[in-house]
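Laboratory data are not the source of any read-out in this text; all were calculated from the coordinates shown. The model shown is predicted, which means the values in this text are computed figures rather than measured ones. Cβ placement follows ideal geometry from the backbone for every residue including glycine, while neighbour counts extend to all protein chains displayed.
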Amino acid sequence: MMQPYKSLPIALSLALAVSCVGTTPTSDVPPPDLSLITVFYPMELNVHARGSANAIPLGPDGARPNCLYVAAHPSNRSGSNVNINSDGSFAFSVPASSADVLELAAFFVDRGESCEDSPNRFDRGTPVYLEVPTPPSRLYSPEFTCCYASAGDPRGGICVRPQTDEGSVCEDTAGKCFSPGGGQACGPPDAALFMLPDYICQTRADCAHFAFQTIDLSDSLFSLSRPRADGLIKVIGFGPGEISVPAGGPTGLPPKTLVRVENRTQPSINRPAFPVRRFIVTDDSGHFELEIPGRGDDEFVIRVFGLDGSRSPEQAVYVPDAEFEHGEITGIYPYRTLYPGAPPAGAEAGKVAIRIALFGSDGRGLCPDSETSDSEPGPSLCFSANTPKDGFKGGLDFKAITELSTTIGNVADETRVLIPSTPSLPDLPYVKFVDGDISAPAQTVVLIVDNSSEAIEKDPGAFRFRAAETLINSLRSRDRMSIWVVEKEDGSDACGIRGGQRVVPKGMRCLIPPTGSKLELNTALNSAEFPPGGSELPGGAPKPLEAVYEAVLDLNARNITNGKVFLISLENQPGTESEIISTFEKILTIAEPDPELNRVGYPVIVLTSGERDPNNEGWRYMQDTAAFTFGEIQHVREARTMLEVAGRMIGSIAGAFVLLYDLELPIEIAADEGKIADLTVRGSILIDGISKPLAPFDAQLPFGDRPN
């Protein structure tokens, strides 16, 4: 059991002699009250402080200053201004170190002015000075673990340091400590320690007091809002008595403690994490409120620190989903051969895969709660923070689709209801899937199509254009796409690129600027495949890497934060190795994600065709471009295969849930010589008690002859 947190006396900061020289002139505005100000030791290069109510006294005329000047000497002599609340309280975080002295002075600004816009005020009040505390040594105390002499030892375990005398690091694994290197038990523990109650433990949490982890937390002490449209989450922490809490747990956050809130986001296998941290000091009642960027289902890890060096263990809390706003059908594809009429006895029904994308009020995708049961079989498809008792299971269930039907245009607009497919072993163990990142926000994609002379020669059937159409038609309604082609024309002004400030090198042309209209995108693509004038083909030299560089430059110049580049190429990058490396490195300075620089980057996705030469530097650096930008690369030997592979890559463009349905085509469609069914799929969906129609989708699907 954790020991109760004990608050320290109020005099926690040292007021320096008035002989300290600051930057504030004398004034009749009263100085801040030192006895009501709590300043913490530096944490991650910043000092965090809070002034209680009336820390800024009323002035001689009964008015209270509304701004506070804060400067750290000598580190940050220029200082900054923060707002003062109506009750005279305030909070701030400034860059400073333990060797610094803080200068605080209050001042007034007129209505309509902001504190931040008043950097050099000479009417500030009388200043006070505070020394930044040094971090207590116990803050760096190592954590202990609970080590059992043998599995299931009725005496329990003993709290031991993570570092043993032999130098092996112990881990608490299945109730027993092991050395990861040799797989041997760390111990046995000293039997004499079983005589000391403080050392006896059942779990690692029982050893927390040895590391001065004496501040107890639980997730019930925090409230997280749904994500807002601006991408911010409001986090509230409650002090003792503010809310009802489970019996036996902590009653609230201690007053005047430093709270660290870290959003660890949702790192995936192929994308780095960009954690975000915020700090704040709790008020006199243990309460705090702050805002931090986040999205639904993000993991927030909260830790609390005391001025005496005590701390809490880390506590995980999860962001609820944004409010469901929009759903749409983004694709329908044959999964098992479709044919006219009902299946004969013993034959399998035709099946289609329906892609469905969901959006929340924050502009991102959603992972709804899932209820896996006999009536709703299948695996968990995504992480849902709302279902911790069920293992955080999330996904789109069949029962959430309250209606789904298709109109068959080439048979007198006949409508057929789609029936959820049933799993069957061994051929069809699952009937619902997820393809790509279903939680991704709206994005801008630059699609590059190789239309060079070599591409035209190697792909006379223009399968690269059919592959591009597949990608265009998979976009969600909120996504945007621009199309570039590699050919002999110079398209420096076609998209109004950066106001004409930069000339695009000859051999690349932007067909259309970012748009969400699939009709406009397909029309623009068609103009490149069939240029005006008819017989004269565009031609030109292949420049795939240069085209990628121009694309990421364009995304960066447009300040796109969620962007991708998709390259369809039939030829390797020409040029010397030094020229290719130069282009490759220029791409990475923009497209490679870097958490330290807070650069999210732009994934480069590549679909290539033709003979692959492993000795060709252009091919190797194309692979590296996809790898370093956390993109993807697929290669096919024959151009006609590009269409099929593009269909498997659409998840890289726009993630979606995929549900399988049985579809019986009307028998009359058998007379269609082209064996193509013109379909329009419509439906409705129920999420969080909100029912909305799904945006429809038009498609042309091939069908076969009815089995005998």
note = Packing-ranked peptide list from 228-234, 45-51, highest mean Cβ count within 10 angstrom first, is 45-51, 228-234
key: Restricting segment 223-325 to GluC sites (Glu not before Pro) in coil, as DSSP defines it, with at most 14 other Cβ within 10 Å   = E314
query = Going down the table (K351/K518; K432/K518; K458/K518; K351/K393; K234/K256), which pairs top 24 Å between alpha carbons?
reply = K351/K518; K432/K518; K458/K518; K351/K393
query = For segment 555-708, with the dipole built from +1 on Lys and Arg beta-carbon atoms and -1 on Asp and Glu ones, taken about the Cα centre, which of G689, T625, L679 lies farthest toward the positive end?
reply = G689
Segments 275-284, 513-522, 560-569, 461-470 sorted - mean Cβ within 10 Å per residue, highest first = 560-569, 461-470, 275-284, 513-522
